[in-house]
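Bear in mind that the values in this text are calculations on the coordinates, not laboratory data. Remember, predicted model here, so these are calculated numbers, not experimental data. Neighbour counts are summed over all protein chains in view; Cβ atoms, including those assigned to glycine, are modelled from backbone coordinates with ideal geometry.
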Amino acid sequence: MKRTAFSKLAAVITLLALAVILLGAYVRLNDAGLGCPDWPGCYGRVVAPSHPQAVAEANAAFPERPVESHKAWKEMVHRYLASGLGLAILALAAVAWRGRARGLPLALPLLLVGLVIFQGLLGMWTVTLLVNPTIVTAHLAGGMTTLALAWWLALRTGATPEAPSAGLTRLRPWAWGGLVFLGTQILLGGWTSTHYAAVACIEFPTCYGGQWWPPTDFAEGFALWRPIGPDYEFGHLDSAARTAIHLTHRIGALALLLYLGTLAIVILRRAGNSGERRLGLALGAVLLVQIGLGITNVVGHLPLWVAVAHNGGAALLLLTLLTLIHRLNPVGATPASETSRSLGDSSANAPHRPQESST
């Protein structure tokens, strides 16, 4: 398989990973994360029970969690789609292994295989540890990392873009810094969601009751591990702890808006061609939409589809930043400044030819 065809396969896997992330958010926000109390089956079956006899047998086997068919089916569809993603990544790694002699990358596909196996374990622990917040947040982070690595693989094995304009090359560390910043904010978002703190503040820009900074408990809100055993569905934290989490995520969103917004403006000012301008516009547009979705979640008290779209916005912002980093660090392309410098050196070192006489 040629590198460009391999790149298209990685791009398809990226889309599949995005679908898994969105469906996972939908399942979690529907409180269906424990729609099946066991793993990998659902009430001991390959498919969620829906026939009356099957439901009765499932209720007898799992009396602590009676069947809710609509939740069970949501959870099982998510598992089926995630399994499909795992098989696709295995196929990608097999293609990379067979084409390694022709220059196909192998390390990153193998890393994706290891990551998707670990994701499967996190999915199992999400159920068996009763949606423990640390496990669920790690599961979200693993999904976003899978998405990012698949897209990076698609970018690095595709067609080489033109070298970045000289004015943009200095933005490389700022783009990488934005990626780290965004990753931290995604983790904060996952922590907010898994602790049911998204509506701890129900006003904007204040929190509630007109207060900018109501009582908070950061020590309890950011305890990184909760005891194994309790059912963490709907959360266990009190109002002060949830408010601390929410306000931290809100402050992080403001800081990210300022950082990435400034980066987008600088890209637009320094862009040397239409492709670079489009990338700056895309970064700014996705950022503004994502901030708008976050505000709507607060004032609308977490509408389902807005909350799902907010997860998707984080994923699209991640993909946009990775595309920017790739554009600033193209594979095999010589930066414009180095090209012009080498051309200048060539002119300077060229042998002098005397002018021909006109007579």
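Values computed for the structure shown
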quantity: Using θ = phi - 60° and Karplus 6.51 cos²θ - 1.76 cosθ + 1.60, couplings along segment 136-149 (whole Hz; Gly, Pro as x); calculated: 5, 5, 5, 5, 5, 4, x, x, 5, 5, 4, 4, 5, 5
quantity: Projected-area average for segment 162-335 over all orientations - Cα convex hull basis, square nanometres; calculated: 11.6
quantity: Other-chain or far-sequence residues with amide H under 5 Å of residue 207's (modelled H); calculated: 212
quantity: Label-reachable residues, segment 153-191, where backbone N falls under 11 Å from a point 7 Å from residue 262's Cα toward its Cβ; calculated: none
quantity: Whole-number D in µm²/s for segment 209-283 (Stokes-Einstein; Kirkwood sum over Cα pairs; 25 °C, 0.890 mPa s); calculated: 157
quantity: HN-Hα J in Hz across segment 214-224 - Karplus 6.51, -1.76, 1.60, θ = phi - 60°, x for Gly and Pro; calculated: x, x, 9, 9, 6, 4, 6, x, 10, 5, 6
quantity: GNM result for the chain, Cα springs below 10 Å: residue of 70, 78, 246 fluctuating most strongly; calculated: 70
quantity: Mean shadow area of segment 32-133 over all directions, Cα convex hull, nm²; calculated: 7.2
quantity: Table column - 3J(HN,Hα) (Hz), segment 195-205, Karplus curve with 6.51, -1.76, 1.60, x for Gly and Pro; calculated: 9, 6, 9, 5, 10, 5, 10, 10, 10, 8, x
quantity: Correct option for mean projected area of the Cα convex hull in nm² [calculated from the coordinates] among [x] 15.9; [y] 24.9; [z] 20.2; calculated: [y]
